[in-house]
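K.L.:
Below you will find the structure I want to go over with you.
The values are calculated or read from the model by the stated rules, or taken from the named source; none is laboratory data. Just so you know, these numbers come straight off a predicted model, no measurement behind them. Cβ: placed from backbone, ideal geometry, glycine included. Neighbour counts: every protein chain shown. Surface accessibility is based on the protein's heavy atoms, side chains included, excluding ligands, DNA and RNA. Shrake-Rupley method; radii C 1.70, N 1.55, O 1.52, S 1.80 Å.
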Amino acid sequence: MSNHKFPRDSNSFSNNLFSAFLSFCALFLLTAFSISAQLPSPKSVLGFHPTDDRTIADWQQITNYFNKLDAASDRISVKEIGKTTLGKPMIAAFISAPENIKKLETYRQTSQKLADPRRIKSPSELENLIKNGKTIVSISCSIHSTEIVASQMSMNLAYELATANDDETKEILDNTILLLIPSSNPDGINIVANWYRKNLGTKSESTSPPELYHHYAGHDNNRDWFMLNLRETQNITKLYWQEWFPQVVYDVHQMGQNGARFVIPPFFDPPNPRIPPLILREVGLIGYKMAADLQSANISGDATNTTFDTWWHGGFRSAPYYHNSIGILSEAASANLMSPVEITREKLVRNGRSRGLNSPLETATNHPDTWEGGLWRPKDIAQLEMTASRALLQLAAKFRPRYLRNFYEIGKANLESQKDEPKAFIVSAGQPDAETVARFLEILMWQGMEVHQMTRELEIVPNQNKPNDFGEIPLGSFLIFTNQPQKNNVLSLFERQIYPQRLNANGDAEVPYDVAGWTLPLQMGVEAAAAWQIKDLPQHQNSLRKIENINQARKILNLKANSGSFAAMPSPLKSKPKIGLYKGFTSSMDEGWTRLVLDNHQISFQSVTDADFRNKKLDFDAIILPSQSEREIVEGLRAENYPVEFAGGITEQGVENLKNFVEKGGKLICFDDSCELVIKRFNLPVKNVLNGLKRSEFYNPGSVVQLKVDTKNAIAKNLGENTAAYFINSSAYEITDSNKVKSVAKYAKKDVLLSGWILGEKYMNDKTAIAETDYGRGKIILFAFRPQHRGQTFATFPFIFNALEK
């Protein structure tokens, strides 16, 4: 046999190499196709494509889809993060590259360390965390469940990220971990889905449900992000600020139909001075990236720098600013739930004006490409939201080290004291309402703020302008330092807000996005003093003990331990009155918050319906009318839009039956707007002096104000002469016959503003805030304000409890 070796055929080798390459490509494409084919699409599970016209998935269908996707994909891990108010599971879908999903706990710990720079011991450890960490992004959908499209879009977004294999998606998956919350209000998704399906093809197809779409809060569920009254808020706050510490939070919303098609950052003025400037810049950068991508896709009608500001604290996207994170809000123009709507130019001209945007038909730097009207569909909204979500994720992936480093640096800067900041705030020992103090501390701690107990007496300077004027703080007081990573949150909740006076060209007050002031100790009636200096603090560090949990604080306050977080408080009532709370079909948030306060204080009550008023089923000791207009109460929903069983209000007959109830010995308690009905229909000698004033004369969009209280009145039992109350476009009464109507509390004669903004304070000075009068054998109590505002105003809850006593 010959040992001769034949020369290699170069053409044959090239052909074989090319064939191998083709085989590899085919195998790769086949594998990619196979992965995609194996993963369930939303349509394959639901039977329709989410966001198509006149389709809707309820919460069970949404969670079922996410669970099926989780089971089939190694890019997704679905976790339950708690139960809703009505007991439904809340979920978050963790979406990332498979290797990241396997190491979620490692990345969670990395984010936790970056959130607290004190835990990082060296520059090399920091660099290693930044090198190996991932940008944590959360996208949350449809907290307002009539803004339904995002909850449906979330399934499409998850499927796209689970199946796509393009370079951009790979970069996103490799460098970010997405916490996708299909809805932060699952109960509401079911309420809306059930109502919509029931009324498809009827006159009510485009209407909102005749009930609150959150059991207690309705639309106000996005006003609870520092107060934590709601289970949903508590669950997500724990996920964000105890566990994962996302660098970016995106809250997806819809708005009215007739303005810009999409509003995104940068936001309108004014900014809150406690938001770090870098965060405001990063918010704007992400918004402009979204806008540029939308424009690149030839999507018109997108606006920045309009409508929504960054002053107020308590929203889903604004709370992150005080946790050193970036908060993004988008607001898409709405359809009729999941039905398309025709938007004419006339509607855009008539109804489209907003702060920072004269007209949606007018081009401007912040709105360079107008949308001229036409058919507006759910899939148009979904396209906006998908494009914006991808834009955000692209930035978060591409600039991963930047986001992680900035997050760390902001927290690190908070550890240094500044001249204009107190060293700490002191919650003094021995306050009369220990339960409220305990709830106050629990609210702070649940958000990640550190609270210490003083185990020996300390001396502090409570007045910034008197640096040598020391005062003693009693043993057992609580101390909240400002030089902690949560500094901006501490300051924004303890300080008194001073909203800048902003007037339009015609002299009218410019309307802020939400409220102007919210100082939490004032609202809750908790005594909290600023400590500008603490004498000999370094040598007394051992005199401070960190509070690790709320039951530790409750023990210090001589209270029984709670079995769980945010447990119900003891009933303050000594008697057991039979209480009725009016609950019509116009979905009153004030009614919902009243229910929450009563439930949280274990006070039994019964809802009173329109039919009950009409049919004289008013067998109660006391009836509460929450803050609603006369028209809402008497006329209710309109029969041309709603089925007959939901239309009509209490009617004139119901008003007469209510008068009869009081005449025969019943007690009627009215909050804010509902007082007008009673003053008018019961012919009471009381006048709201703010009625008819122009916005250039008087305006108060939401502020903490000072009351002067007649402490001898039974309604004011255990309240102080100076009590803080919440005023939000409320009333101020002049009593024209003091022999018939008594004033229980008045707004202060001067310096009525404690936190926020009032234009034209003189109009409310020394006017009645709470009045009472006999009527027949019964009694009427008028609150010119809302004493249970958003479940936050613990300082004025006792007025309600005292009024309810037999």
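K.L.:
Could you list, in sequence order, all residues of the stretch 295-310 that are of a type in the set (Ser, Thr, Tyr) and either open to solvent by 20 Å² or more (accessible area, probe 1.4 Å) or assigned to a loop (DSSP other than H, G, I, E, B) (or both)?
P.N.:
Ser296, Ser300, Thr304, Thr306, Thr307 - these are the residues of the stretch 295-310 that are of a type in the set (Ser, Thr, Tyr) and either open to solvent by 20 Å² or more (accessible area, probe 1.4 Å) or assigned to a loop (DSSP other than H, G, I, E, B) (or both).
K.L.:
Additional query: Mind listing whichever residues of the stretch 169-225 are acidic (Asp, Glu), under 30 Å from Glu640 (Cβ atoms) and within 25 Å of the chain's Cα centre (by Cα)? Working first, answer last.
P.N.:
Initially, the stretch 169-225 is screened for residues acidic (Asp, Glu), giving 171, 174, 187, 205, 211, 220, 224.
In the following step, the residues that additionally are under 30 Å from Glu640 (Cβ atoms) were identified as 187, 205, 211, 220.
Once the filter is applied, which keeps residues that are acidic (Asp, Glu), under 30 Å from Glu640 (Cβ atoms) and within 25 Å of the chain's Cα centre (by Cα), the stretch 169-225 yields Asp187, Glu211, Asp220.
K.L.:
Counting just the residues of the stretch 530-579 that are in contact (Cβ under 8 Å) with a residue 60 or more places away in the chain and hydroxyl-bearing (Ser, Thr, Tyr), which one comes out surrounded by the most Cβ atoms within 10 Å (Cβ to Cβ)?
P.N.:
It comes out as Ser543.
K.L.:
Something else about it: Pick from the stretch 58-97 the residues that are in a strand (DSSP E or B) and without any contact (Cβ under 8 Å) to a residue 60 or more places away in the chain: which of them is nearest to the chain's Cα centre (by Cα)?
P.N.:
The first filter runs over the stretch 58-97 and keeps only residues in a strand (DSSP E or B), leaving 76-83, 89-95.
With the extra rule that they be without any contact (Cβ under 8 Å) to a residue 60 or more places away in the chain, the set shrinks to 77-80.
Working: Ser77: 26, Val78: 24, Lys79: 22, Glu80: 20 Å.
So the residue we want is Glu80.
K.L.:
Let me ask another. Between a residue in the stretch 191-203 that is in a loop (DSSP other than H, G, I, E, B) and any residue that is loosely packed, with under 13 Cβ neighbours inside 10 Å and of a type in the set (Asp, Glu), which pairs come within a Cβ distance under 9 Å, given they are 6 or more apart or on different chains?
P.N.:
Going by the 9 Å Cβ cut-off, the qualifying pairs are Lys203/Glu640.
Conditions tested, residue by residue: (1) farther than 30 Å from Tyr213 by Cα; (2) open to solvent by less than 20 Å² (accessible area, probe 1.4 Å); (3) modelled with pLDDT under 95; (4) of a type outside the set (Ser, Thr, Tyr).
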position: Gln109; (1), (2), (3), (4): yes, no, no, yes
position: Lys113; (1), (2), (3), (4): yes, no, no, yes
position: Asn128; (1), (2), (3), (4): yes, no, no, yes
position: Lys131; (1), (2), (3), (4): yes, no, no, yes
position: Val137; (1), (2), (3), (4): no, yes, no, yes
position: Cys141; (1), (2), (3), (4): no, yes, no, yes
position: Thr146; (1), (2), (3), (4): no, no, no, no
position: Ser151; (1), (2), (3), (4): no, yes, no, no
position: Ser154; (1), (2), (3), (4): no, yes, no, no
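K.L.:
Another question about this same structure. Within the bounds of the stretch 27-35, is there any residue that is at pLDDT 95 or above and of a type in the set (Val, Ile, Thr)?
P.N.:
Filtering the stretch 27-35 down to residues at pLDDT 95 or above leaves none.
Scanning the stretch 27-35 turns up no residue that is at pLDDT 95 or above and of a type in the set (Val, Ile, Thr).
K.L.:
While we're on this one: State whether one or more residues within the stretch 163-176 are over 24 Å from Ala72 (Cα atoms) and of a type in the set (S, T, N, Q). Step through it out loud before you land on a result.
P.N.:
So the first thing to find is which residues in the stretch 163-176 are over 24 Å from Ala72 (Cα atoms), and the list is none.
No: the stretch 163-176 contains no residue that is over 24 Å from Ala72 (Cα atoms) and of a type in the set (S, T, N, Q).
K.L.:
Can you name the condition, by its number, that Asp309 falls short on among (1) within 30 Å of Thr202 (Cβ to Cβ); (2) at pLDDT 95 or above; (3) under 27 Å from the mean Cα position of the chain (by Cα)?
P.N.:
Of the numbered conditions (1) within 30 Å of Thr202 (Cβ to Cβ); (2) at pLDDT 95 or above; (3) under 27 Å from the mean Cα position of the chain (by Cα), the odd one out for Asp309 is (1).
K.L.:
Can you find a residue in the stretch 432-443 that is among the small types (Gly, Ala, Ser), surrounded by 15 or more Cβ atoms within 10 Å (Cβ to Cβ), in contact (Cβ under 8 Å) with a residue 12 or more places away in the chain and under 26 Å from Arg118 (Cα atoms)?
P.N.:
As a first pass, look at the stretch 432-443 and keep what is among the small types (Gly, Ala, Ser): 434, 438.
From what is left, the residues that are surrounded by 15 or more Cβ atoms within 10 Å (Cβ to Cβ) are 434, 438.
With the extra rule that they be in contact (Cβ under 8 Å) with a residue 12 or more places away in the chain, the set shrinks to 434, 438.
Restricting the remaining residues to those that are under 26 Å from Arg118 (Cα atoms) gives none.
No, every residue in the stretch 432-443 fails to be among the small types (Gly, Ala, Ser), surrounded by 15 or more Cβ atoms within 10 Å (Cβ to Cβ), in contact (Cβ under 8 Å) with a residue 12 or more places away in the chain and under 26 Å from Arg118 (Cα atoms).
K.L.:
Going by what's in this entry, would Asp9 be described as at pLDDT below 55, among the acidic types (Asp, Glu) and open to solvent by 80 Å² or more (accessible area, probe 1.4 Å)? First the steps, then the outcome.
P.N.:
Working: at pLDDT below 55: yes; among the acidic types (Asp, Glu): yes; open to solvent by 80 Å² or more (accessible area, probe 1.4 Å): yes.
Spelling it out, Asp9 is indeed at pLDDT below 55, among the acidic types (Asp, Glu) and open to solvent by 80 Å² or more (accessible area, probe 1.4 Å).
K.L.:
List every residue pair whose Cβ atoms lie under 8 Å apart, where the two residues are 6 or more positions apart in sequence or sit on different chains, the first residue falls within the stretch 127-143 and is on the phi > 0 side of the Ramachandran plot, and the second residue, located anywhere, is hydrophobic (A, V, I, L, M, F, W, C).
P.N.:
Going by the 8 Å Cβ cut-off, the qualifying pairs are Ser142/Ile148; Ser142/Val149; Ser142/Ala150; Ser142/Ile189; Ser142/Val252.
K.L.:
Before we move on, is Ile480 within 24 Å of Leu415 (Cβ to Cβ) and in contact with a helix residue (DSSP H, G or I) (Cβ under 8 Å, 6 or more places away or on another chain)? Before you say what the answer is, go through the steps one by one.
P.N.:
On the way: within 24 Å of Leu415 (Cβ to Cβ): yes; in contact with a helix residue (DSSP H, G or I) (Cβ under 8 Å, 6 or more places away or on another chain): yes.
So Ile480 fits the description; yes.
K.L.:
Evaluate the stretch 600-618: report whether one residue or more is modelled with pLDDT of 95 or more, crowded, with 19+ Cβ neighbours inside 10 Å and among the polar types (S, T, N, Q).
P.N.:
no
K.L.:
For the stretch 188-214, which residues satisfy the criterion of being hydroxyl-bearing (Ser, Thr, Tyr), open to solvent by 20 Å² or more (accessible area, probe 1.4 Å) and over 12 Å from Glu147 (Cα atoms)? Explain how you work it out, then say what you get.
P.N.:
The first filter runs over the stretch 188-214 and keeps only residues hydroxyl-bearing (Ser, Thr, Tyr), leaving 196, 202, 204, 206-208, 213.
From what is left, the residues that are open to solvent by 20 Å² or more (accessible area, probe 1.4 Å) are 202, 206, 208, 213.
Residues satisfying the conditions are Thr202, Ser206.
K.L.:
Is it the case, given these coordinates, that Ala72 is among the small types (Gly, Ala, Ser), at pLDDT 95 or above, surrounded by 11 or more Cβ atoms within 10 Å (Cβ to Cβ) and over 21 Å from Asn190 (Cα atoms)? Lay out the reasoning, then the answer.
P.N.:
Values: among the small types (Gly, Ala, Ser): yes; at pLDDT 95 or above: yes; surrounded by 11 or more Cβ atoms within 10 Å (Cβ to Cβ): yes; over 21 Å from Asn190 (Cα atoms): yes.
Yes.
K.L.:
Please go through the stretch 256-276 and give me each residue that is surrounded by fewer than 20 Cβ atoms within 10 Å (Cβ to Cβ) and closer than 14 Å to Gly301 by Cβ, ordered by number.
P.N.:
Across the stretch 256-276, the qualifying residues are Gly256, Gln257.
K.L.:
Yes or no: Lys740 crowded, with 18+ Cβ neighbours inside 10 Å and either modelled with pLDDT of 95 or more or within 30 Å of the chain's Cα centre (by Cα) (or both)?
P.N.:
Judged against the criteria, Lys740 is not a match.
K.L.:
Okay, moving on. Identify, please: which residue in the stretch 580-596 is open to solvent by 10 Å² or more (accessible area, probe 1.4 Å) and more than 23 Å from the chain's Cα centre (by Cα) and is, among those, farthest from Lys617 (Cα to Cα)?
P.N.:
Taking the candidates together, the pick is Phe585.
K.L.:
Can you go through Gly430, Gly471 and tell me which one is at positive phi and either in contact with a Cys (Cβ under 6 Å, 6 or more places away or on another chain) or at pLDDT below 95 (or both)? Outline the logic, then answer.
P.N.:
Numbers: Gly471 fails: at positive phi.
Criteria check complete, one pass: Gly430.
K.L.:
A follow-up question, please. Tally up the residues in the stretch 159-168 that are more than 29 Å from the chain's Cα centre (by Cα) and either open to solvent by 10 Å² or more (accessible area, probe 1.4 Å) or among the basic types (Lys, Arg) (or both), please. First the steps, then the outcome.
P.N.:
We begin by selecting, within the stretch 159-168, every residue more than 29 Å from the chain's Cα centre (by Cα); these are 162-168.
Now narrow it down to the ones that are either open to solvent by 10 Å² or more (accessible area, probe 1.4 Å) or among the basic types (Lys, Arg) (or both): 163-168.
So the answer is 6.
K.L.:
Moving to a separate point now. Please go through (1) more than 22 Å from Asn414 (Cα to Cα); (2) open to solvent by 10 Å² or more (accessible area, probe 1.4 Å); (3) not in a strand (DSSP E or B) for Met290 and return the number of the only condition it doesn't satisfy.
P.N.:
With respect to (1) more than 22 Å from Asn414 (Cα to Cα); (2) open to solvent by 10 Å² or more (accessible area, probe 1.4 Å); (3) not in a strand (DSSP E or B), Met290 is out only on (2).
K.L.:
While we're here: Which pairs do you get when a residue that is within 15 Å of Asn600 (Cβ to Cβ) and open to solvent by less than 10 Å² (accessible area, probe 1.4 Å), found in the stretch 220-237, comes within reach of a residue that is of a type in the set (Asp, Glu) and part of a loop (DSSP other than H, G, I, E, B), reach meaning Cβ atoms under 6 angstrom, with the pair 6+ apart or on two chains?
P.N.:
Leu230/Asp224; Thr233/Asp224
K.L.:
Here is a further query. Just to check your reading of the model, which residue among Ser359, Ser354 is open to solvent by less than 70 Å² (accessible area, probe 1.4 Å), free of Cβ contacts under 8 Å to residues at least 24 places away in the same chain and farther than 30 Å from Asn128 by Cβ? Even if it seems obvious, please write down each step before you answer.
P.N.:
On the way: Ser354 fails: free of Cβ contacts under 8 Å to residues at least 24 places away in the same chain.
Ser359 is the lone residue from the list that is open to solvent by less than 70 Å² (accessible area, probe 1.4 Å), free of Cβ contacts under 8 Å to residues at least 24 places away in the same chain and farther than 30 Å from Asn128 by Cβ.
K.L.:
Evaluate the stretch 386-400: report whether one residue or more is basic (Lys, Arg) and touching a Lys or Arg at 6+ places or on another chain (Cβ under 9 Å).
P.N.:
Among the residues of the stretch 386-400, at least one is basic (Lys, Arg) and touching a Lys or Arg at 6+ places or on another chain (Cβ under 9 Å), which makes the answer yes.
K.L.:
Residues that are at positive phi and of a type outside the set (A, V, I, L, M): find the helices (runs of 4 or more DSSP H) completely inside the stretch 592-668 holding 1 or more of those. Steps first, please.
P.N.:
Details: elements: 610-614, 630-635, 651-663.
The qualifying helices (runs of 4 or more DSSP H) are 651-663.
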